[in-house]
Amino acid sequence: MRRIVFFLLLLPILLSSCSRNWISIERNEQLLNQDREIKKIICIDPRFYFEEDELNFDLEKNQKITQTVRKNILKSSKSNNFDLSIFDFKENTTTNFYNDLLTLKKQMVSVNFNQATPLNFNKQTTVGEIEKKIFVYPPKISFDFVKLSEEYGTPYFSYMGIYAQKRKLILYHLVIDTDNSETVYREFKVVNSRVSKITIAQMIYDSYAMLKSEFK
Amino acid sequence: MKKTLIISWAFLSTMLAVAQNTGHLGKHFLLKTNAINGRDLGLNCVDIESVIFRRYSIEATLSRFSFSPKEISKITGEINPGGNLNIKVFDEIRTINSGLTYGYLFKIGLRRYFNKIIPAPSGLYMGCDIGFGQARLENYRVIVEYENVDPFEPFTLPGYEINNLSGNAFVTAIEAPFIGYQKLLTSFFTIDTKFSLLTQRMASPSNIRNAFPDNNFIRSNLFSTSGGSWSCGPSIYVKIGFLII
């Protein structure tokens, strides 16, 4: 009997430690300022990538899930009161898209990769935890994109990508403020799960819910 | 009625306000019903689960139960018709059978989901429920027999039956701990499997207790064991749920 009671008491600890998922959120301190609240976002070319070798790569499946990701981004942002528009290759494709938005996307992804200062990454994210940090040195983009806020009616541009590996889904969400040329929000989420519509929908919804919760 | 509606509305509003950033795609309330439970088979239970924080949810369950008693015999006394107190002649044996107990149980409980990254209500969880209810015991029959235990006095004593014993009883229950897994099948449907240890206290009504002075015939579920007015046993539930709000 004692063993059973001991096992039951130990069970929650054992099960909690089984989780290999984690979330790391870094944000700019300007998000705490009510005047800088994010209301409208331009999401540039959201993507789903399925990490698979060449023989098993299924382009059709990849495109289908990308469509699901797009739908979920629109739905989730709307549920969280964000006015979000998606600009990608299929809709609204103008010269501006190639000249401005794709260049911005390329730059926001590359600066967030290259400006990985130890000031921001002073601590390893614990598995099973949600860690929220404030950027000490927010990754900065070029000042060439300042004019975009007038053209699109908002200084906030974002990129969301979901990367699927075997039994692992990784979500990468970036939001850039072009007025200040700084990254304001960066989220990295790892979930141990196979590719499923429900998990993808949950991950995307939760990402926008967390972004929204920064303004409370 | 008006008060109940106001309290329910206040409760739901508070839950929704607390749970703004949780739930599955913004939905926090699940309505569930049993497909299988530990007492018997059938759709005899309604659950409302409300996600209150990222990992926690509260649930309210209204379940209906019914069972027939285990046939139990008990030596309840000694009879000595000759008046000699040193010699026992008969054992009085009482047997209870053929009744029906039915009633309802209302439980409230707290669940804690293990996965912090994917918010409740999906994944592995653990928790506890407490509840109360009312039971109706109907048409119980107690058979009283006398068994001769003295080989030197070969008498027989005729037995008798006490029929149509009925009454009400108050039920309290604790379902702790329980462990389970809730899976979202689509954006609206969930399937919830739960294993628990159900401990229940139900004292039989005074008229039944006078006829049969033991509560061992009362069960909490199919696999329970009884001791006094307490019964305890493992329960298994499979529930089908719908995400409603």
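The values are calculated or read from the model by the stated rules, or taken from the named source; none is laboratory data. Worth saying up front: this structure is predicted, and the values here are computed from it rather than measured. Every residue, glycine among them, receives a Cβ derived from its backbone with ideal geometry; neighbour counts consider all protein chains shown. Side chains included, ligands, DNA and RNA excluded: accessible areas come from the protein's heavy atoms. Shrake-Rupley method; radii C 1.70, N 1.55, O 1.52, S 1.80 Å.
Counting Cβ atoms of other protein chains within 10 Å of each Cβ in B:179-188 and taking the mean gives 2.
Per-residue mean of foreign Cβ neighbours for B:25-31 is 3 (Cβ atoms of other chains, 10 Å radius).
Peptide A:205-212 is shielded by partner chain Cβ atoms: per residue, an average of 4 of them sit within 10 Å of its Cβ. The peptide list A:94-100, B:114-120, A:208-214, A:192-198, put in order of mean Cβ contacts within 10 Å with the highest first, becomes B:114-120, A:208-214, A:192-198, A:94-100.
By the Kirkwood approach, averaging reciprocal distances over each pair of separate Cα atoms, segment B:181-245 gets a hydrodynamic radius of 14.1 Å. A 1.4 Å probe over all protein chains sorts B:K32, A:K61 by accessible area into A:K61, B:K32, starting with the largest.
Its Cα gyration tensor gives segment A:122-216 an equivalent ellipsoid, and the semi-axes of that ellipsoid, as √(5λ) in whole Å with the largest first, are 27, 16, 12.
A Förster distance of 56 Å, applied to the separation of the beta-carbon atoms of A:T94 and B:Y181, puts the FRET efficiency at 0.70. Buried area at the A:B interface is about 1900 square angstrom, summed over both chains, from accessible surfaces computed with a 1.4 angstrom probe. Both radii come from the Cα set of segment B:97-152: Rg as radius of gyration, Rh as Kirkwood radius; their ratio Rg/Rh reads 1.45.
Each part gets one Cα centre, and for segment A:58-90 versus segment A:158-191 those centres are 14 Å apart.
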